[in-house]
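Step one of this worksheet: look at the structure below.
The values are calculated or read from the model by the stated rules, or taken from the named source; none is laboratory data. In this text the structure is predicted, and so the values were computed from the model without any measurement. Glycine also receives a Cβ, built like all others from the backbone with ideal geometry; neighbour counts cover every protein chain displayed.
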Amino acid sequence: MAIDSEVLVIGGGIAGMTSALSAARAGADVRLVSYKQSTLRHASGLVDILGYTPDGEGPLTDPYAAIPDLPVDHPYRTVGESTIRDAMALFDEAVPSYRGAHTDRNALVPTHGGTVKPTARYPASAAAGLASDERSVLLVGFESMVDFDGPHAAAHLEAAGVPFDVRGVTIRFPGDLRADAKVTRYAKLLDTDSEVSVGDRDRPVREALAERVGAELDGESRVGFPAVLGDDRAGTVRVALSESLGVDVFEVPMGPPSLPGLRLEDRLFGALDEAGVSIETGNPVVDYECGQPNGGDDRIERVFIEKNGARIPYSADEYVLATGGLVGKGVESDRERVSEPIFDCHVPHPADRYDWFETEAFGDHSFARFGVATDDRLRPTNADGGVEFENLRAAGSVLGGYDFAAEKSGSGVSIATGYTAGRGAAGVSA
Amino acid sequence: MASVPHVAVIGGGSTGIGIARDLAMRGLDVTLLEQGNLTHGTTGRMHGLLHSGGRYAVSDQASAEECIAENRVLRDIASHCVEMTGGLFVKRPEDSEEYFEEKLRGCEACGIPADVVSGVEARDVEPHLARDVDKAISVPDGAVDPFRLVVANAASAQEHGARIETHSKVTDLLVEAGEVVGVEVEHDSGPGKRVHGTEGGSEEIHADYVVNAAGAWAGRIGDMAGLDVAVRPSKGVMTIMNVRQVDTVINRCRPKGDADIIVPHETTAILGTTDEEVEDPEDYPEEQWEVDMMIDTLSELVPMLSEARTIRSFWGVRPLYEPPEVGSTDPTDITRDYFLLDHAERDDLGGMTSIVGGKFTTYRMMGEEISDHVCEQFGIDADCRTAEVPLPGSEDFSVLRDYMDEFGLRSPIGRRSVERLGSRADAVLKTDAPNPAVCECEGVTRAEVQDAIEQSGSDLNAVRIRTRASMGNCQGGFCCHRLASELHGVGDGGDETAVAYDEATAREAWDELLQERWKGQRHALWGEQLSQAALNYALHATTQNRDRDPADGQAVDFTAFDGGSERSDPADTAGVATDGGARDGN
């Protein structure tokens, strides 16, 4: 007897979680299964909708205004502008710690490379760092944290033409952290406000840190840190530092492992729990079966999850494929072809692998748009344009036809298509 | 003529740098000119094999004898650049038994230690060898890091007073009264270390003698004085695997052929190669079939290669030469031997000799021979000492101990740093400031990166070849921006000696590194490495916005974007300031 649910979502990234949440909110009995760590740990934690057009025009001030001009096979065109708005409203409600919903306009957020990135939503921890805010900034880096260099980032921001004075300093983080301490180590120390030894006495780390930074402050109105200011208690840490320093404090989003990304993941999982979604992580979906294995039936009857070497059947009425793109391994390749590994859905791609990329590092790479094509209900389609399975929908970067990195549209597409696929799977028509 | 002759050496590959060191140690005044980075040409594009001579033991025994002799010298003078992995010539059932016997006899004739091992014994050493491998001959092949070796030679030459100019392209030979009297060079960024954005310019360098060691580019140098130096460039592909599937050099025991060698190199294994004559050493096709052939053919020896991950492929161009009267049509028939072309004797143009052909393993011997030749021109009687005096980094083996505790570096970073730095480890790694890893794949720390920057200016590719930073599995995905920050360097670690470059310089170097790292990966874009490339692209483009960086492009109207809600709407700050207990993360 298979483990049963009305909707089975495969994949635990933003798209999968949004699908599951949308389906559950629409009244369905939902199960979400995910295999690997989600790519949110690689993501900055910023939630973008559209920062640039596919032609590279931008940064766009208003992402919604650019939707109608996107190519017809872009996932945003499939779901439409009003659905994107509804989906973002669901996100805003599920993740109240994010900002940016007060306006359609994009924000420009400084990131750890030292440039600014357009985004529609940003964690509250980054809110005081917006580049359109004209107050002066001090960027603080830590000596042994190679991923964020305060003076370098400050000089880079200046070169980007930001409308505020910005200066960077490098300080030694209080206490005796090893040179290769992980960001989570910093965050945990700050979360717990542990005692660290400074000079010849032990002091709470927040106070010691604020003192070192305070000594560097030279009239700046806000202070930016690499995004390590706490994990579970990030708000508390930020407020404590802000109060000690007497200025606003913000975090600069970083690369992997990204605490803002992991915190967002926690928030979304929390929302899923509240909505009654069953969640199972750590085991892969390896196969599927249709009702009549020898053809004639294009409904998925069950999928199989590999658990300790056994194949466990899971069945559902409707399935959502949210396994990610090349990065998340929802799209795979070998020397001959590009494929979707679970259901072998068709992934359009050039036959010659040397046509999968361009010569320039930031060229218009074909691989960046690899993913399944769908009908207008987000059901993957085969090479002839027919629906692969009646009861399978796709969401997020397993979808093809858009380059989330160049457009800065990854989270927005995942949220909008996750919302559409989840509601579709729960029987709500678009 | 000045009391000490001034010699200009053209070419910063192993040959040129070997000559520069030798001449400088003999007391001559040397200027070395290299159009790119050190190892820019063929030296930086080889498989890293330290020949035992086994590969030439049948076809070219003179070369084989030179190889085993120099193999022993390099183990001695360049211990920190060499890993003695040992090598196997592996015979499959379909490979000729007669050739196997010939190979064995050839090795014996050339003085190359060689033992026959059974298939079972070979698999004991290398478990991933194919089950049906019959037997093998074991020889003292090794792996050598060409970058480290050339950099160490350059350091030694500089210690002996040589001037080393990289990114300085020879644009003309100065000829007066039937004699070459110097060179005209175009500096990419001014003389000295390369610094992006520094204005270049041309310089006439007068010399009492010029040595053309430009390898595959030697013909072009010859053209500048109307000389016919008919180098026949031949390309070969090398495909880098993400791990060492083998720890021993694996050769296929059969007559010349493509795709017949696997060299374990640092954290990777390098598959090689092909041999195809090309017209232009800078512009030749890099083809898919070549990469496919490496994987498919070498899988016959090590089956797991067919499913393994490759991280990039690159091509090198051998600067082959044969006297024009030989007239080989197949480049594999062209000798791997080297030739001194004294243009006074050959072309009636004094003041210059070209050295062409040859191979990396015997670079020092070539340097010795041409240095003898140069000294002869000036009647100088000075002994070659390059075979006896260790290179910087290989001077004192006793320092090669485990530095993990001493430098607070976790395994295996400490060990790897020390292996790379050899006897320089103390000087480089002893720092009061924290020394975090900048490149985690290759275990390269800040101190090593700063040391390399000090040597090579703002050029991150030059830092890369010195340290291996960005050369591991992620191919720079996680460390390119960190390296750029190290370059910017202001205030880092409170280390006042940290070299500082401005932001624009650091950004240009950063972009150049990203582009260089991308170039070789293009030939490895399927499977895991395509996923890695997609991740790198996403990290650089999404979070860092490097593809659309406003600093590189048009001015942005910042006022048109969201300036924040919180200061204008105090009510909203509640969400930020509230201490929501245990789960207020955001």
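Counting only residues that are surrounded by fewer than 24 Cβ atoms within 10 Å (Cβ to Cβ) and at the interface with chain B (Cβ under 7 Å from one of its Cβ atoms), how many does the range A:125-146 have?
The total comes to 3.
Do we find a residue being without any contact (Cβ under 8 Å) to a residue 12 or more places away in the chain, touching a Lys or Arg at 6+ places or on another chain (Cβ under 7 Å) and farther than 25 Å from B:R482 by Cα anywhere in the range A:278-296? Before you say what the answer is, go through the steps one by one.
Going residue by residue through the range A:278-296, those that are without any contact (Cβ under 8 Å) to a residue 12 or more places away in the chain are A:291-296.
Of the ones still in play, those that are also touching a Lys or Arg at 6+ places or on another chain (Cβ under 7 Å) are A:291.
Still in the list and also farther than 25 Å from B:R482 by Cα: A:291.
The answer is yes, given that some residue of the range A:278-296 is without any contact (Cβ under 8 Å) to a residue 12 or more places away in the chain, touching a Lys or Arg at 6+ places or on another chain (Cβ under 7 Å) and farther than 25 Å from B:R482 by Cα.
Given the condition in a helix (DSSP H, G or I) and either within 14 Å of chain A (Cβ to nearest Cβ) or not acidic (D, E) (or both), answer yes or no: does some residue in the range B:467-479 qualify?
Quick first cut of the range B:467-479, residues in a helix (DSSP H, G or I) only: B:467.
Now narrow it down to the ones that are either within 14 Å of chain A (Cβ to nearest Cβ) or not acidic (D, E) (or both): B:467.
Taking every residue of the range B:467-479 in turn, at least one turns out to be in a helix (DSSP H, G or I) and either within 14 Å of chain A (Cβ to nearest Cβ) or not acidic (D, E) (or both).
Conditions (1) closer than 22 Å to A:V33 by Cα; (2) within 11 Å of chain B (Cβ to nearest Cβ), marked per residue:
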residue: A:V347; (1), (2): no, no
residue: A:Y354; (1), (2): no, yes
residue: A:R379; (1), (2): yes, no
residue: A:G412; (1), (2): yes, no
residue: A:A416; (1), (2): yes, no
residue: A:R423; (1), (2): yes, no
residue: A:A426; (1), (2): yes, no
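Please note which strands (runs of 3 or more DSSP E) are completely contained in the range B:116-223 and include at least 1 residues that are over 22 Å from B:H265 (Cβ atoms) and touching a residue at least 40 places away in the same chain (Cβ under 8 Å).
Details: elements: B:135-139, B:142-144, B:163-165, B:168-176, B:179-187, B:201-206, B:209-212.
Correct list: B:135-139, B:163-165, B:168-176, B:179-187, B:201-206, B:209-212.
A:A107 - would you say it is over 26 Å from A:K329 (Cβ atoms), aliphatic (A, V, I, L, M), within 13 Å of another protein chain (Cβ to nearest Cβ) and surrounded by 21 or more Cβ atoms within 10 Å (Cβ to Cβ)?
Working: over 26 Å from A:K329 (Cβ atoms): yes; aliphatic (A, V, I, L, M): yes; within 13 Å of another protein chain (Cβ to nearest Cβ): yes; surrounded by 21 or more Cβ atoms within 10 Å (Cβ to Cβ): yes.
Yes: the conditions hold for A:A107.
Conditions: (1) of a type in the set (F, W, Y); (2) surrounded by fewer than 22 Cβ atoms within 10 Å (Cβ to Cβ); (3) in contact with a Gly (Cβ under 9 Å, 6 or more places away or on another chain). A:Y354 meets all but one. Number of the miss?
(3)
Restricting attention to the range A:15-30, which residues are assigned to a helix (DSSP H, G or I) and touching a strand residue (DSSP E or B) at 6+ places or on another chain (Cβ under 8 Å)?
Restricting attention to the range A:15-30, the residues satisfying the condition of being assigned to a helix (DSSP H, G or I) are A:15-25.
Within the range A:15-30, A:G16, A:M17, A:S19, A:A20, A:A23, A:A24 meet the criteria.
Could you check the range B:76-106 and list, in sequence order, the residues that are under 16 Å from B:T248 (Cβ atoms) and crowded, with 23+ Cβ neighbours inside 10 Å? Talk me through it step by step, then tell me what you get.
Step one: of the range B:76-106, the residues under 16 Å from B:T248 (Cβ atoms) are B:82-91.
Passing the criteria: B:G87, B:L88, B:F89, B:V90, B:K91.
Among the residues of the range B:546-568, is any under 30 Å from the mean Cα position of the chain (by Cα), farther than 30 Å from A:H102 by Cβ, modelled with pLDDT of 90 or more and surrounded by 15 or more Cβ atoms within 10 Å (Cβ to Cβ)?
Initially, the range B:546-568 is screened for residues under 30 Å from the mean Cα position of the chain (by Cα), giving B:546-547.
Cutting the leftovers down to farther than 30 Å from A:H102 by Cβ gives us none.
No, the range B:546-568 contains no residue that is under 30 Å from the mean Cα position of the chain (by Cα), farther than 30 Å from A:H102 by Cβ, modelled with pLDDT of 90 or more and surrounded by 15 or more Cβ atoms within 10 Å (Cβ to Cβ).
Counting only residues that are assigned to a helix (DSSP H, G or I) and surrounded by 14 or more Cβ atoms within 10 Å (Cβ to Cβ), how many does the range A:271-291 have? Walk me through it before giving the result.
Here is the first cut: in the range A:271-291, the residues assigned to a helix (DSSP H, G or I) are A:271-274.
After this cut, where a residue has to be surrounded by 14 or more Cβ atoms within 10 Å (Cβ to Cβ) as well, the list is A:271-272.
The number of residues fulfilling the criteria is 2.
Do you know which of the residues in the range B:310-334 that are crowded, with 18+ Cβ neighbours inside 10 Å and in contact with an Asp or Glu (Cβ under 6 Å, 6 or more places away or on another chain) is nearest to B:D383 (Cα to Cα)?
B:I334
When you go through B:Q532, B:Q521, B:Q515 one by one, which is the residue that is modelled with pLDDT of 70 or more, farther than 22 Å from A:L40 by Cβ and more than 8 Å from chain A (Cβ to nearest Cβ)?
The match here is B:Q521.
Have a look at B:A216, B:A269, B:A225 and point out the one that is outside the structural domain of B:V125 (by TED's automatic domain parsing) and crowded, with 24+ Cβ neighbours inside 10 Å. I'd like the intermediate steps shown before the answer.
Values: B:A269 fails: outside the structural domain of B:V125 (by TED's automatic domain parsing); B:A225 fails: crowded, with 24+ Cβ neighbours inside 10 Å.
The match here is B:A216.
Restricting to the range B:357-393, name every residue that is touching a strand residue (DSSP E or B) at 6+ places or on another chain (Cβ under 8 Å), over 30 Å from B:R420 (Cα atoms) and not polar (S, T, N, Q).
B:H373, B:V374, B:F378
Residue check, B:G585 against (1) at pLDDT 90 or above; (2) not assigned by TED's automatic domain parsing to the domain that holds B:S470; (3) not β-branched (V, I, T), all met but one. Which one?
Only one criterion in (1) at pLDDT 90 or above; (2) not assigned by TED's automatic domain parsing to the domain that holds B:S470; (3) not β-branched (V, I, T) is unmet by B:G585, namely (1).
Go through (1) surrounded by fewer than 21 Cβ atoms within 10 Å (Cβ to Cβ); (2) of a type in the set (G, A, S); (3) more than 10 Å from chain B (Cβ to nearest Cβ) one by one and return the number of the condition A:A87 breaks.
The one condition A:A87 does not meet is (1).
From the list B:V139, B:V175, B:V180, B:V144, pick out the single residue that is touching a Phe, Trp or Tyr at 6+ places or on another chain (Cβ under 9 Å), closer than 22 Å to B:V211 by Cβ and at pLDDT 95 or above.
Numbers: B:V139 fails: closer than 22 Å to B:V211 by Cβ; B:V175 fails: touching a Phe, Trp or Tyr at 6+ places or on another chain (Cβ under 9 Å); B:V144 fails: closer than 22 Å to B:V211 by Cβ.
Step by step, each of B:V139, B:V175, B:V180, B:V144 is checked, and only B:V180 is touching a Phe, Trp or Tyr at 6+ places or on another chain (Cβ under 9 Å), closer than 22 Å to B:V211 by Cβ and at pLDDT 95 or above.
Determine, yes or no, whether A:A368 is within 11 Å of chain B (Cβ to nearest Cβ), touching a residue at least 24 places away in the same chain (Cβ under 8 Å) and either among the β-branched types (V, I, T) or closer than 20 Å to B:D547 by Cα (or both).
Working: within 11 Å of chain B (Cβ to nearest Cβ): yes; touching a residue at least 24 places away in the same chain (Cβ under 8 Å): yes; either among the β-branched types (V, I, T) or closer than 20 Å to B:D547 by Cα (or both): yes.
Taking the combined requirement at face value, the residue satisfies it.
Just to check your reading of the model, which residue among A:V285, A:V237 is more than 10 Å from chain B (Cβ to nearest Cβ) and among the hydrophobic types (A, V, I, L, M, F, W, C)?
Details: A:V237 fails: more than 10 Å from chain B (Cβ to nearest Cβ).
Residue meeting the stated conditions: A:V285.
Let's see how each residue does on (1) among the β-branched types (V, I, T); (2) more than 12 Å from chain A (Cβ to nearest Cβ):
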| residue | (1), (2) |
| --- | --- |
| B:V418 | yes, yes |
| B:R424 | no, yes |
| B:V444 | yes, no |
| B:E448 | no, yes |
| B:L460 | no, yes |
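Say we look at the range B:569-582 and pick out the residues that are at the interface with chain A (Cβ under 7 Å from one of its Cβ atoms) and assigned to a helix (DSSP H, G or I); which of these is modelled with the highest pLDDT?
Ranking the candidates gives B:V576 first.
Here is a check on your reading of the model: is A:T78 touching a strand residue (DSSP E or B) at 6+ places or on another chain (Cβ under 8 Å), surrounded by fewer than 24 Cβ atoms within 10 Å (Cβ to Cβ) and not in a strand (DSSP E or B)?
yes
Go through (1) assigned to a helix (DSSP H, G or I); (2) within 8 Å of chain B (Cβ to nearest Cβ); (3) under 30 Å from A:I415 (Cα atoms) and name the single condition A:K188 misses.
Status for A:K188: all satisfied but (2).
If you take the residues of the range A:364-391 that are small (G, A, S) and closer than 21 Å to A:V327 by Cα, which of them is surrounded by the most Cβ atoms within 10 Å (Cβ to Cβ)? Don't jump to the end; show me each part of the working.
At the first step, the residues of the range A:364-391 found to be small (G, A, S) are A:366, A:368, A:371, A:373, A:383, A:385-386.
Keeping just the survivors that are closer than 21 Å to A:V327 by Cα gives A:366, A:368, A:371, A:373.
Details: A:S366: 17, A:A368: 25, A:G371: 28, A:A373: 20.
Step by step, filter the range A:364-391, then rank; the result is A:G371.
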